[in-house]
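K.L.:
Take this structure first; my questions come after.
Just so it is clear, none of the values below were taken in a lab; they were calculated from the coordinates. Note that this is a predicted model, so its numbers are computed, not measured. Neighbour counts are summed over all protein chains in view; Cβ atoms, including those assigned to glycine, are modelled from backbone coordinates with ideal geometry.
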Amino acid sequence: MAWESALDRLILREIHRAEQGELRDQELVRIVTDFVQMTKQRPQSWFHAAYARTVLGLELPTPGPEAGAGASRWFTFGRLKGHLRRGEETWLRDVDQDPALLADLLADTSIVSQILPRLMQIWLVDGAFERAISVLQHLESSDAEGEHPVILVEAALHDFLARIEQRESGPEQQGALRRALQRVQDLAAFSSLPAGERSRLFLAMGLSYLRTGEWGEAQLAFDKAGQLVTETGWLRSSLHFWSALCKLRVQELQQLGLETDRPCREEAATELALACEGEGTLPEAHYARGLLAYERSDWTMVTCSMEAALEGFGEQKEPDEELFTRARFYLGASLFADGRSEEYHRAAQLLSETVERVTPDLESFYEVYDGLKGVDRETALRFLDAVDLGRGASAESLLLVALEYQALGEPSRALEAASQVLAKATNLDHRLEALKVQLTAHNMQGEPEAARDDFLTMRELLLRRGALEDLERILLDEDLVGQALDHLEIKSELADLYEEMEGKDWECAQLRLQIARSLKARKETEQLKQAHALLAEVGLQYPELAQEDLEHLRKLLELHDTSPSNETAEAAVFAALREKLGRPWRVLVVGGNERQRKHHPKLSELAEKLGFEAEWLMANYTSPQKLVSQIQERLKDCDQLILLHWNRHETTEPTLEYARQKGHQARTVFYAGFTSLQICLVECAERQLERACITEASAR
């Protein structure tokens with residue numbers, strides 16, 4: 001301590017020896033008492049009596065009134081130091097809470113130099129910034145004994161500025177901090193500080209405004225600080241770094257994320273370039289510079305900046321773990337995006353260690369991912385999982401992610417991404433591609449019914465668009481639709497499609513012939529009749545193509561004791577059924593799309609000709625549950641339900657179950673043109689007539 005003489009230091013050493021048990025208490029009492037008695041006119045001597053009394057609890061003399069104010073002041077100071085020696089910090093706060101006692105201690109600059117740093121620490125911890133500056137103003141204007149007060153005030157200002165740079169103050173404390181900083185400028189000691197020290201005050205002022213989002217005032221303070229700093233180094237780097245954040249309207253570096261259309265990016269980049277010049281630069285400045293370069297896809301700059309940031313973070317005692325992790329992630333990403341193949345393994349390691357803690361952006365997704373998947377498939381999958389598929393993602397970006405999941409053989413993740421595309425995409429091409437992803441994923445998971453639903457939705461979109469060639473390509477892609485549709489359904493779909501396309505008559509006839517042969521191979525009467533009807537249609541346009549098959553079919557039908565359907569026989573069946581029921585037979589047909597709508601008049605015409613009643617409900621691919629409710633309502637007045645194969649399983653399964661529970665006749669039919677429906681109607685009517693006859697015979 002500056003006030004000590006050699007004799008004072010000797011007495012203190014003896015007190016500490018006694019504290020450690022190396023000197024008897026009685027001997028120490030004699031030494032201290034004799035010392036005080038010999039130097040009682042010297043106020044500082046009373047420090048030892050109070051210090052030893054407090055540290056060791058010994059009976060030692062106390063100054064009386066005749067000793068004077070100085071003796072009492074130093075005795076109080078000795079007690080305070082003794083309590084601090086014992087770790088009783090509350091005594092310092094007690095002094096702070098006693099204005100008269102504090103003022104008395106501050107009257108001697110030798111004491112001030114000892115207690116002011118500790119008091120300054122308490123005031124700044126408590127956020128009592130203005131109290132700290134008030135004390136400094138008091139010291140500067142007082143006639144205190146001892147050292148010149150200006151020297152103490154300058155030292156205290158250094159301490160004050162250093163402490164507020166290390167202290168995190170909440171928004172509610174910023175007003176008090178700024179008022180204190182403003183008052184600092186009125187101190188005479190402030191003007192005598194070096195330019196660099198004065199710039200630190202304006203930097204602190206700017207940071208305070210930055211914390212409360214007062215961007216204009218913050219920038220003015222940073223500019224004032226910049227005018228006082230000319231050399232490169234930590235302070236200049238800090239000023240330009242915080243000025244850049246101010247221009248970006250960011251209060252903390254952790255808040256700075258990737259933003260494609262960022263305002264004021266160039267102005268901030270200029271500030272960061274200055275912040276990264278020379279020695280002693282902030283690693284945070286390099287990190288921020290690299291992040292802005294990442295937004296511009298300047299991969300070389302990203303790599304250099306993140307390397308410098310990591311080097312700087314590594315030299316810090318307690319680096320920010322979040323920033324350190326981000327810097328490693330963006331370094332790895334930039335190496336892939338820049339195509340530095342010699343660094344790919346290092347880049348993959350960086351991403352592997354950080355991908356769970358940093359969210360990859362969709363804008364640079366492919367530039368990074370394309371190289372990563374060729375080096376480390378596992379990390380590539382984790383990279384995909386980490387991509388933000390939230391509200392801000394575009395349908396196109398989501399679709400890319402879905403396709404990559406599909407390529408990696410991850411159907412469940414591909415389904416999730418594809419469903420998000422469908423939830424927000426308005427572009428028809430995007431929706432179709434997403435449906436293809438879903439269809440393929442359901443194929444991979446062995447879910448043919450779900451795959452079929454995806455195909456039906458795709459077909460509706462393409463037919464509404466008139467994209468017949470696109471639909472043809474999908475139907476010819478067996479890998480895509482081979483699980484959703486069986487071979488007969490694919491041929492039937494193509495045949496119906498070729499009816500609408502110009503120049504496809506021959507292909508259509510060939511497909512009808514193939515369908516007929518497939519039906520003929522089943523050897524069941526209804527299928528044989530359907531095959532005969534299809535071949536008859538083909539024979540109208542290409543007689544030589546179907547003649548041999550028609551002849552063979554007639555022989556098969558004769559073998560099954562039946563013959564091709566004819567209108568007279570059909571009319572007789574419906575007439576007999578009407579007589580048995582006492583009313584026309586009622587049938588409900590469900591299924592089909594816009595292409596089958598043109599067949600509705602044919603059903604009405606057939607019903608009128610044969611004497612039954614019929615209604616045809618179109619398939620509902622968007623709200624199958626609504627269609628189920630309509631069917632259940634109509635079935636109350638129907639004798640027969642016929643479900644065409646063009647229905648979602650969400651319609652077919654609950655409808656058939658409901659029909660079974662209510663005792664309604666129901667069946668599904670493969671629709672290969674209106675003829676197949678006509679044959680099915682006749683078959684159902686014949687069976688109903690047979691059941692009616694059996695019931696009537698049983699009643700007799």
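K.L.:
With +1 on each Lys and Arg Cβ and -1 on each Asp and Glu Cβ, and nothing else charged, work out how big the dipole of region 573-699 is about its Cα centre, in Debye to the nearest 20. Let's see the in-between values first.
P.N.:
Numbers: 18 positive and 16 negative charges, 36 e Å.
Result for region 573-699 is approximately 180 debye, rounded to the nearest 20.
K.L.:
While we're looking at this one, here's another question. Ranked from highest to lowest mean number of other Cβ atoms within 10 Å per residue, what is the order of the peptides 192-200, 398-406? Let's see the in-between values first.
P.N.:
Values: 192-200: 17.0, 398-406: 23.0.
Peptide ranking by packing, descending: 398-406, 192-200.
K.L.:
Say each of residue 101 and residue 296 gets a label point 7 Å from the Cα, pointing the same way as Cα to Cβ; how far apart are those two points in nm?
P.N.:
Distance between label points: 6.1 nm.
K.L.:
List the pairs from 247/317; 504/626; 247/373 whose alpha-carbon separation is above 31 Å, in the order I gave them.
P.N.:
Numbers: 247/317 29 Å; 504/626 37 Å; 247/373 38 Å.
Too far apart for the 31 Å limit: 504/626; 247/373.
K.L.:
In straight Cα distance, which aspartates and glutamates are under 20 Å from residue 40, not counting same-chain residues fewer than 8 positions off?
P.N.:
4, 8, 14, 27, 59, 66, 104, 108, 145
K.L.:
Quick check: pseudo-label points 7 Å beyond the Cα along Cα→Cβ at residue 488 and residue 386, how many nm apart are they?
P.N.:
Modelled inter-label distance: 5.3 nm.
K.L.:
OK, next. Return 91, 123, 585 ranked ascending by Cβ neighbour count within 10 Å, so the fewest neighbours appear first. Don't skip to the answer; put the middle values down first.
P.N.:
On the way: 91 16, 123 21, 585 25.
By the 10 Å Cβ count, ascending, the order reads 91, 123, 585.
K.L.:
Amide H neighbours of residue 616 under 5 Å, counting only residues 5+ apart in sequence or on other chains, H built in-plane at 1.01 Å?
P.N.:
HN-HN under 5 Å from residue 616: 589.
K.L.:
Follow-up question, since we're still on this one. If I fit a long axis through the Cα atoms of helix 395-407 and take the longest principal axis of the Cα atoms of the chain, what angle between them do I get, 0 to 90°, rounded to 10?
P.N.:
Once rounded, the angle reads 80 degrees.
K.L.:
So if I place +1 on the C-beta of Lys and Arg and -1 on the C-beta of Asp and Glu, and nothing else carries charge, what would the dipole magnitude of the chain be about its Cα centre? I want it in debye, nearest 20.
P.N.:
Values: 80 positive and 118 negative charges, 346 e Å.
For the chain, the charge dipole is close to 1660 debye.
K.L.:
Between residue 501 and residue 597, what length in nm is gained on full extension when 0.36 nm per residue of separation is reduced by their alpha carbon distance? Present the calculation step by step, with values, prior to reporting the outcome.
P.N.:
Working: separation 96, 0.36 × 96 = 34.56 nm, distance 1.73 nm.
Once the chain is fully extended between residue 501 and residue 597, it gains 32.8 nm.
K.L.:
Sort 340, 413 by Cβ crowding within 10 Å, fewest neighbours at the top.
P.N.:
Details: 340 16, 413 19.
Lowest to highest Cβ neighbour count: 340, 413.
K.L.:
Which ³J(HN,Hα) values in Hz, rounded to whole numbers, follow from the phi angles of region 494-500 under the Karplus curve 6.51 cos²θ - 1.76 cosθ + 1.60, where θ = phi - 60° and Gly and Pro get x?
P.N.:
Using θ = phi - 60°, the values come out as 5, 4, 4, 5, 5, 4, 8 Hz.
K.L.:
Ranked highest first by average number of other Cβ atoms within 10 Å, how do 246-257, 496-507 line up?
P.N.:
Values: 246-257: 17.2, 496-507: 14.4.
Highest to lowest by the protection proxy: 246-257, 496-507.
K.L.:
Could I ask something else about it? Fully extended, how many nm does the chain gain between residue 349 and residue 691 (0.36 nm per residue separation, minus their Cα-Cα distance)? Spell out each step's value before the answer.
P.N.:
On the way: separation 342, 0.36 × 342 = 123.12 nm, distance 7.47 nm.
Length difference between fully extended and current span is 115.7 nm.
K.L.:
Cα axis of helix 428-444 to longest principal axis of the chain: angle in degrees, 0 to 90, nearest 10?
P.N.:
Taking Cα atoms only, the helix is inclined about 80 degrees.
K.L.:
Would you work out which of 573, 313, 466 lies farthest towards the positive end of the dipole of the chain, given +1 charges on the beta-carbon of Lys and Arg and -1 on that of Asp and Glu, about the Cα centre?
P.N.:
Farthest along the dipole direction, towards plus: 573.
K.L.:
Another question, then. For the chain, state the average projected area of the convex hull of the C-alpha atoms over all orientations, rounded to one decimal in nm².
P.N.:
For the Cα atoms of the chain, the hull's average projected area reads 52.9 nm².
K.L.:
Here's something else I'd like to know. Pull out the extension gain between residue 258 and residue 363, defined as 0.36 nm times the separation in residues minus the alpha carbon to alpha carbon distance; nm, one decimal.
P.N.:
In short, 36.8 nm is gained.
K.L.:
Taking the dipole about the Cα centre of region 106-181, with the C-beta of Lys and Arg at +1 and of Asp and Glu at -1, give me whichever of 115, 158, 139 is farthest to the positive side.
P.N.:
Towards the positive end, the residue furthest out is 158.
K.L.:
Taking the mean number of other Cβ atoms within 10 Å as a proxy for protection, how do you rank 434-440, 444-450 from highest to lowest? Please list the in-between numbers first.
P.N.:
Working: 434-440: 24.1, 444-450: 15.6.
So the order, starting with the most tightly packed, is 434-440, 444-450.
K.L.:
Additional query: Taking Cα atoms, how many degrees apart are the long axis of helix 6-19 and the longest axis of the chain, rounded to 10 and kept between 0 and 90?
P.N.:
Approximately 60 degrees, to the nearest 10.
K.L.:
For residue 665, which sequence-distant residues (separation of 5 or more, or a different chain) have an amide H within less than 5 Å of its own amide H, given hydrogens modelled in the peptide plane?
P.N.:
Here the answer is 641, since their amide H atoms fall under 5 Å of that of residue 665.
K.L.:
Where the only charges are on Cβ atoms (+1 Lys, Arg; -1 Asp, Glu), what is the dipole of region 173-264 about its Cα centre, to the nearest 20 debye? Could the numbers behind the result be given before it?
P.N.:
Values: 11 positive and 9 negative charges, 38 e Å.
Magnitude of the dipole: close to 180 debye.
K.L.:
In sequence order, what are the phi-derived ³J(HN,Hα) couplings for region 302-319 according to the Karplus relation 6.51 cos²θ - 1.76 cosθ + 1.60 with θ = phi - 60°, rounded to whole Hz, with x for glycine and proline?
P.N.:
Coupling constants for region 302-319: 4, 4, 4, 5, 5, 4, 5, 4, 5, 4, x, 4, x, 8, 7, 5, 10, x Hz.
K.L.:
Something else about it: Roughly what would the spin-label model give for residue 13 and residue 356, points 7 Å off Cα along C-beta, in nm?
P.N.:
Roughly 6.0 nm, to one decimal.
K.L.:
Would you work out which of 588, 324, 16 lies farthest towards the positive end of the dipole of the chain, given +1 charges on the beta-carbon of Lys and Arg and -1 on that of Asp and Glu, about the Cα centre?
P.N.:
Result: 588.
K.L.:
Using θ = phi - 60° and the Karplus form 6.51 cos²θ - 1.76 cosθ + 1.60, what ³J(HN,Hα) does each residue of region 673-682 get, whole Hz, x for Gly and Pro?
P.N.:
Per residue, the Karplus-derived 3J(HN,Hα) values read x, 4, 4, 5, 5, 4, 5, 4, 4, 5 Hz.
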